[in-house]
Amino acid sequence: MNIPKPLATKALIPLLAGLLLLQGCAATLNDKGIGYSTHNIGLTCYSGVTNAWLKYAGLVSQLCVTQVAREKLASDVNRVPGSTAGYYKAFTGLMEMKWRARDGTQLSHTVDLNKEIPDPRIPYAHPERVYAKAPFLGDPTIVVEYDDRTANVYVAATLQVLPLDPSKGQLERVDTYTLIYTRTL
């Protein structure tokens, strides 16, 4: 079936424009930070934690199943796990957590990030520098950290920002790491 070129062009241009518009809606920018609507997820364990378990969006992830987690080091601050999972809508349902603390106590906690953070945003001191067409390099990552008796949830993201020196043509990258939830049991 041959489609006349003018008809194909007239049909494809609005379709492509619509896709670009939808892609641009994945992040919004204002003085309160950069909003996001999708994310990845990763787990970290420290301070003697074992059997860490997370159920989120119907999927179960486990970490530190056969070994005791090491102490948290200064180099672990703002650490994003090497492997992450998924491409999730922010925030997709309840986050059910279970883990064993250093003293052997089995802990569990459930959080609904939609209730805790109804408008997910990444703060950035210079929003005017954020590259509005594509503020993120990749998707933000929700990092669930088990640290002995504490569960922390962070959002890590790499922002693309305009250079301070306009003669530089390349965008700069800025890594952010923001605590969005914490609970000690």
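The values are calculated or read from the model by the stated rules, or taken from the named source; none is laboratory data. Keep in mind it's a predicted model, so treat the numbers as computed, not measured. Here Cβ is always computed from backbone atoms with ideal geometry, including for glycine, and neighbour counts include all displayed protein chains. Keep in mind that these areas ignore ligands, DNA and RNA; they rest on the heavy atoms of the full protein, side chains included. Shrake-Rupley method; radii C 1.70, N 1.55, O 1.52, S 1.80 Å.
Figures for the structure shown
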item: Scope region 99-120; condition of a type outside the set (A, V, I, L, M, F, W, C), within 14 Å of V153 (Cα to Cα) and in a strand (DSSP E or B); matching residues; result: H109, T110
item: Selection within region 142-159 - among the polar types (S, T, N, Q) and closer than 23 Å to S108 by Cβ; result: T150, N152
item: Count of residues meeting criterion [under 22 Å from G33 (Cα atoms), without any contact (Cβ under 8 Å) to a residue 60 or more places away in the chain and of a type outside the set (V, I, T)] in region 155-169; result: 4
item: Conditions (1) modelled with pLDDT under 90; (2) over 22 Å from the mean Cα position of the chain (by Cα); number of the one not met by S47; result: (1)
item: Residue match in region 160-175 (condition: within 25 Å of Y56 (Cα to Cα) and open to solvent by less than 40 Å² (accessible area, probe 1.4 Å)); result: no
item: Scope region 91-150; condition farther than 16 Å from T38 by Cβ and out of contact with any strand residue (DSSP E or B) (no Cβ under 8 Å at 6 or more places or on another chain); matching residues; result: R102, D103, G104, T105, K115, P118, A125, E128, K133
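For every residue, the table says whether it meets (1) at positive phi; (2) open to solvent by 60 Å² or more (accessible area, probe 1.4 Å).
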{"residue": "G42", "(1), (2)": "no, no"}
{"residue": "S47", "(1), (2)": "yes, no"}
{"residue": "V65", "(1), (2)": "no, yes"}
{"residue": "L73", "(1), (2)": "no, yes"}
{"residue": "V77", "(1), (2)": "no, yes"}
{"residue": "V80", "(1), (2)": "no, yes"}
